[in-house]
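Novice: I'd like to ask some things about the structure below.
The values are calculated or read from the model by the stated rules, or taken from the named source; none is laboratory data. Keep in mind the model is a prediction, meaning the values are calculated, not measured. Positions of Cβ are backbone-derived with ideal geometry, glycine not excepted, and every protein chain shown enters the neighbour counts.
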Amino acid sequence: MTTTMPAPAEAAPAVEPMARSSRSWLRRLGPLGIACAVILGIAVVLAIIGPYLPGLDPESTDLPNAWVGPFQLPGSPLGFDAQGRDLLSRLIFGARTAIVGPLIVLIIAMSLGVTIGMIAAWRRGWLDSFLNFGLDILFGFPGILLAIVAAAVFGGGLWAAAIALSVAYLPFIARVVRNAAAKEGAMEYVAALRVQGVSAWRISVRHILPNISPIIVAQGTILFGYALVDLVAISFLGLGVQPPAADWGVMVNENLIGVLQGYPLPALAAGLVIVTVVVAVNVLGERLLDISEGRR
């Protein structure tokens, strides 16, 4: 008698871990978080490709076109500002400083803050107390005030204000990293690695830091929004990016007179872009923080 072997069941297609992880993050971000990420992504893309888009000239003035409204001239969907410069061109080019400035702040603040926080969490003792004392002193300096003083002393521009804000934001990152790393360092697997003779550097870089990286990313996103607001405010005061360079804060300052003269669009357009991007960044940062802390 011939025995017929049952046909092997088809194996279910394997799901790539990266794709599964991406879908999980999207579900946890929710529609609002995804929308905020898209808004931030658009701002980043415009900051990168803006200078290469054809037909854009943010500094070309044509005084007869001053205050000309939207769609009144071909190729100018938003109209012109007080000096006859194309408003859309200036908004797109202004994305560069709006993105680059906060990135400079984050790169400096996070590089120093993560290093200080990891050292304080690992070494403990007198070194931890000494570093926390230094961080407490830095906490006493308001970020925007420090940036204004630096811009006034070293001259207007993006770099002086960005470096000053980096110093002001450093203690926030360092304190978050220190607390998260100390909590992670108390886990049993860290004690097991130390018993095995694994070096502190290897444990910190290869184990603790990757495990607390979601918290670092979330805090960095929130601080990005704060840095954007502070840098825009400094430019608005005339101590940051200098005219005629396209910058959202400069645009609000230059076109305030238009609000009084009945031409509010140039100032309101720049203000609306600032508010939209800042709210998107802050909401995205809060969503990432909720996810990293397991609240959703």
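Novice: Within segment 230-249, track down each residue that is free of Cβ contacts under 8 Å to residues at least 40 places away in the same chain and crowded, with 18+ Cβ neighbours inside 10 Å. So that I can check it myself, show each step before the final result.
Specialist: Here is the first cut: in segment 230-249, the residues free of Cβ contacts under 8 Å to residues at least 40 places away in the same chain are 236, 243, 249.
If the condition is that a residue be free of Cβ contacts under 8 Å to residues at least 40 places away in the same chain and crowded, with 18+ Cβ neighbours inside 10 Å, then F236, G249 are the ones that fit.
Novice: Please find, among G113, G134, the residue that is within 22 Å of the chain's Cα centre (by Cα) and of a type outside the set (S, T, N, Q).
Specialist: Details: G134 fails: within 22 Å of the chain's Cα centre (by Cα).
Going through G113, G134 in turn, the sole match is G113.
Novice: Which condition number in (1) modelled with pLDDT under 90; (2) over 30 Å from V241 (Cβ atoms) is the one that I212 fails?
Specialist: Every condition holds for I212 apart from (1).
Novice: Would you check if there is a residue in segment 77-87 being modelled with pLDDT of 90 or more, part of a helix (DSSP H, G or I), buried (at least 18 other Cβ atoms within 10 Å of the Cβ) and not polar (S, T, N, Q)?
Specialist: yes
Novice: So if I check each of A186, A200, A227, which one is in contact (Cβ under 8 Å) with a residue 12 or more places away in the chain and surrounded by fewer than 18 Cβ atoms within 10 Å (Cβ to Cβ)?
Specialist: So the residue among A186, A200, A227 that is in contact (Cβ under 8 Å) with a residue 12 or more places away in the chain and surrounded by fewer than 18 Cβ atoms within 10 Å (Cβ to Cβ) is A200.
Novice: Somewhere in segment 193-203, is a residue out of contact with any Leu (no Cβ under 9 Å at 6 or more places or on another chain) and among the charged types (D, E, K, R)?
Specialist: Yes, because at least one residue in segment 193-203 is out of contact with any Leu (no Cβ under 9 Å at 6 or more places or on another chain) and among the charged types (D, E, K, R).
Novice: Hey, another quick one. Which of the numbered conditions does L146 fail, given that it passes all the others? Conditions: (1) in contact with a Ser or Thr (Cβ under 6 Å, 6 or more places away or on another chain); (2) surrounded by 18 or more Cβ atoms within 10 Å (Cβ to Cβ).
Specialist: So the condition that L146 fails would be (1).
Novice: So if I check each of V283, V252, V275, which one is touching a residue at least 40 places away in the same chain (Cβ under 8 Å), under 20 Å from V229 (Cβ atoms) and in a helix (DSSP H, G or I)?
Specialist: None of the other options fit; the residue is V283.
Novice: Whether any residue in segment 150-157 is assigned to a helix (DSSP H, G or I), buried (at least 21 other Cβ atoms within 10 Å of the Cβ), without any contact (Cβ under 8 Å) to a residue 40 or more places away in the chain and out of contact with any Asp or Glu (no Cβ under 7 Å at 6 or more places or on another chain) is what I want to check.
Specialist: yes
Novice: Going by the structure shown, is V176 free of Cβ contacts under 8 Å to residues at least 12 places away in the same chain, among the aliphatic types (A, V, I, L, M) and over 23 Å from G271 (Cβ atoms)?
Specialist: No: the conditions fail for V176.
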